[in-house]
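Notes for the one structure printed next.
The values are calculated or read from the model by the stated rules, or taken from the named source; none is laboratory data. Computed from a predicted structure; not experimentally measured. Cβ placement follows ideal geometry from the backbone for every residue including glycine, while neighbour counts extend to all protein chains displayed.
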Amino acid sequence: MTEKEKRFTLRVMAKRVGLTLGIIAVLLAGISITGKYVQAALGENSPEAFDIFVRIFNINRELSIPTWYVSSVLLLGGLTSMVIAIIKRARREPFVGRWFGLAAMFIYFSADEAAELHEYLTEPIGEGLNTTGPLYFGWIIAGAIAVVIVGLIYFRFWLHLPGYMKRLYLLAAVLYVGGGIGIEMIGSNLWYLEGGSSLTYSTVGTVEELFEILGAVVFLYAQLVYLTRLAPVIELHVHAGAAEAVRASQEAAALEQPADQTPA
């Protein structure tokens, strides 16, 4: 195998990735809410196969394609943050800890989206504080407190970012937090008043989830754009073990050596 055959180049276009992911998010939200309305119109005449389809594409429930999708986007956001953090650490640049913190947060968000970890706070907080209306979902209180704490911790970090990153991060935060907490409070009130089976609740829930997904997409787009300026070319060397790593380093050094020189 030649040296050229050993190399594989993957080109990532941030704008195209962001636009594609955003379109998919809107389509998933559209399929979800349309399915709920058609199912309601059919009533008892709704075929079982269609009911299964609606459940699979229901954006408001776990174990669905939209949930898998947003969890994947959040995970990618966390992984790209990890790459940025590693580059920053290698260059001894400031706020390395904040970058690693971003990576950890978005990896957690990914797990939370898939497993709905925050829901475990609903009952103890709700019963402990006797929450009703917009705060009926007790975890909203914990989420709002967490947002304030993270905002205070990351404010100086946000100030040091380039202008375009400040705008993208702000947009991502408004969408993600606005959906996950702001619109969720409307849904919480609806659930408290009439339960979670109404079309109104499904509609509000769809808007909430769409905002969250778009927030995750904007964040991932921001990370990719930042990477294009931070390190346009990133090489990933995969080795089976230490011996292979040493051999690869020796081969790379030999390739970089000028042709008119011979090894000592």
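Brief remarks on what is shown
- Residues that are closer than 21 Å to Tyr201 by Cβ, over 13 Å from the mean Cα position of the chain (by Cα) and among the hydrophobic types (A, V, I, L, M, F, W, C) within the stretch 56-94 comprise Ile56, Phe57, Ile59, Leu63, Ile65, listed in sequence order.
- For the stretch 19-27, the count of residues that are buried (at least 20 other Cβ atoms within 10 Å of the Cβ), at pLDDT 95 or above and not in a loop (DSSP other than H, G, I, E, B) is at least one.
- The stretch 46-55, subset farther than 18 Å from Ser198 by Cα and part of a helix (DSSP H, G or I), residue farthest from the chain's Cα centre (by Cα): Glu48
- Which listed residue, of Leu159, Leu190, Leu152, Leu135, is modelled with pLDDT of 90 or more and closer than 23 Å to Leu224 by Cα: Leu159
- Positions within the stretch 83-106 being surrounded by fewer than 17 Cβ atoms within 10 Å (Cβ to Cβ) and free of Cβ contacts under 8 Å to residues at least 60 places away in the same chain, in sequence order: Ile86, Arg89, Ala90, Arg91, Arg92, Glu93, Gly97, Ala104
- For Ser64, the criteria (1) surrounded by fewer than 21 Cβ atoms within 10 Å (Cβ to Cβ); (2) over 17 Å from Ala29 (Cβ atoms) hold in every case but one, which is (2).
- The set of residues in the stretch 140-161 being in contact with a Phe, Trp or Tyr (Cβ under 8 Å, 6 or more places away or on another chain) and either outside any helix (DSSP H, G or I) or closer than 21 Å to Gly196 by Cβ (or both) consists of Leu161 alone.
- Total residues in the stretch 134-172, condition closer than 16 Å to Arg98 by Cα and of a type in the set (Ser, Thr, Tyr): 2
- Qualifying residue in the stretch 202-209 (condition: farther than 24 Å from Thr34 by Cβ and at pLDDT 95 or above): no
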